[in-house]
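Inspection log for the structure reproduced underneath, given as structure tokens.
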Amino acid sequence: RRAALAAERHLPCETLDRHSVILRANVATAADSEAALRAGADGVGLLRTELPFLEARRWPGEEQHAAALAPVLRELAGRPVTVRTLDFADDKVPPFLAGAGPDGRIGRGLPLMLARPEAFTAQFRALLTTGAGTDLRIMIPMVAAPEELRACRELLRAAAESLGVPVPPLGAMVELPEAVDRADELARESAFLSVGSNDLTSRILGLDRRDPAAGPAHTAHPEVLRAIGRVVEAAHRHRRQVSVCGDAAAHPLVMPLLIGLGCDVLSAAPAALDEIRARVRRLDAEACARAAHEALVAGGVEEVWAIVRRRCSPAL
Ligand code: PEP
Ligand code: MG
């Protein structure tokens, strides 16, 4: 089966009725980047940068960032590469930040970083230098308010100016309910939006993200879908692309709904890309849109799964 799916790698990621979906990869290592290219990814939709620093004893400096990034970016010259700034939130807290949040819960990665602008600046400088050969975009995690994004932009602008390089596109992740509420302002001020469905699903459902009831299949919960629908509308109102880079992008019962809601980009682990493409190629975008429409007013997540099974016949 794997070989059959891989055989479709060179074919476009588009539905039966010719609706194109951009397929990108979530990466963190050089091996991930190589696997992403092998799997025919258009580029990287999420490069997680915090992983090398989860045991760090202090904020990483510019050189440490550059050393970690260089191997991951090496193969990606000329490609769209969306690098996410450090996301030390909740489940990803290095020792030097432990206890920084109330009740041991951080969930405040961004305010924490904005309180240490030199930490942001070090990462921006490393990104601008190391990512110069790529079609670099920078993405901020855990954004709650446009003011935060603006503060990031000022730091990025200053870093670019000091290096004499252009300011790359800056986008916001939408993974907090507060960001959904202000999606229109965020869209206006961002080059793109990316839905972090892992965190967004758990936050909207009021669950810990390790709870199986907040897993990727549960992004199909009508309340979560309504939130994603609002984000897509806001983004498209301002002619911005929306991507989904949480695990729901690879879930067979959710991905058709994401397409139906109008998400432009799906970003997933390299190992998931062949299957996503093959599934997209067997879907009808019109049917996905009807399914999404119905799902938005469904009574619960199980009802939504049934709608997808009935309307999108997602079997491979
Ligand atoms: C998410 O929250 O959906 C996401 C993509 O980021 P992470 O899983 O790294 O929190
Ligand atoms: Mg997240």
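Readers should treat all values here as calculations from the given coordinates under stated rules, not as data from a laboratory. Since we're looking at a predicted model, the values are computed, not measured. Ideal geometry is used to build each Cβ from the backbone, glycine not excepted, and the neighbour counts take in all protein chains shown.
Roughly how compact is segment 113-267, stated as its Cα Rg over 2.2 N^0.38 Å to two decimals?
Relative to the 2.2 N^0.38 Å estimate, segment 113-267 comes out at 1.06.
Any idea what the dipole of the chain comes to, in debye rounded to 20, about its Cα centre with Lys/Arg Cβ at +1 and Asp/Glu Cβ at -1?
Charge dipole, the chain, about its Cα centre: 560 debye, nearest 20.
Show me 27-33, 51-57, 249-255 ranked by packing, highest mean number of other Cβ atoms within 10 Å first.
Most protected by this proxy first, the peptides run 249-255, 27-33, 51-57.
Please give the calculated 222 nm ellipticity per residue for the chain, where each DSSP H segment of at least 4 residues contributes -39500 (n - 2.57) and the sum is spread over every residue; nearest 500 deg cm²/dmol?
-13000 deg cm²/dmol
Taking the Cβ of residue 62 as the center, what net charge do the other residues with Cβ under 12 Å away carry, scoring Lys and Arg +1 and Asp and Glu -1?
Cβ neighbours under 12 Å give a net charge of -1.
Once you have a ≥ b ≥ c as the square roots of the Cα gyration tensor eigenvalues for segment 189-293, tell me rounded if a/c is under 1.5, and otherwise prolate or oblate according to whether a/b is larger than b/c.
In terms of gyration-tensor shape, rounded.
When Rg is the radius of gyration of the Cα atoms in the chain and Rh is its Kirkwood radius, what does Rg/Rh come to?
0.96
Read phi for every residue in segment 38-47 and hand back ³J(HN,Hα) as whole Hz from Karplus 6.51 cos²θ - 1.76 cosθ + 1.60, θ = phi - 60°, with x for Gly and Pro.
Rounded to whole hertz, the list is 4, 7, x, 5, 6, x, 10, x, 7, 9.
Quick one: helix 146-163 against the long Cα principal axis of the chain, what's the angle to the nearest 10°, folded into 0 to 90?
Around 50 degrees separate the two axes.
Among residues other than residue 218 whose Cβ falls under 11 Å from its Cβ, what is the net charge (Lys/Arg +1, Asp/Glu -1)?
Local charge sum for residue 218: -3.
Can you tally the net charge around residue 13? Count Lys and Arg as +1, Asp and Glu as -1, for every other residue whose Cβ sits under 12 Å from the Cβ of residue 13.
Once positives and negatives cancel, what remains is +1.
For the residues 218, 293, what sequence is obtained by ranking on other C-beta atoms within 10 Å, fewest first?
Listing 218, 293 from fewest to most nearby Cβ atoms yields 293, 218.
Given all pairs of different Cα atoms, what value in angstroms does the Kirkwood hydrodynamic radius of segment 236-303 take?
12.6
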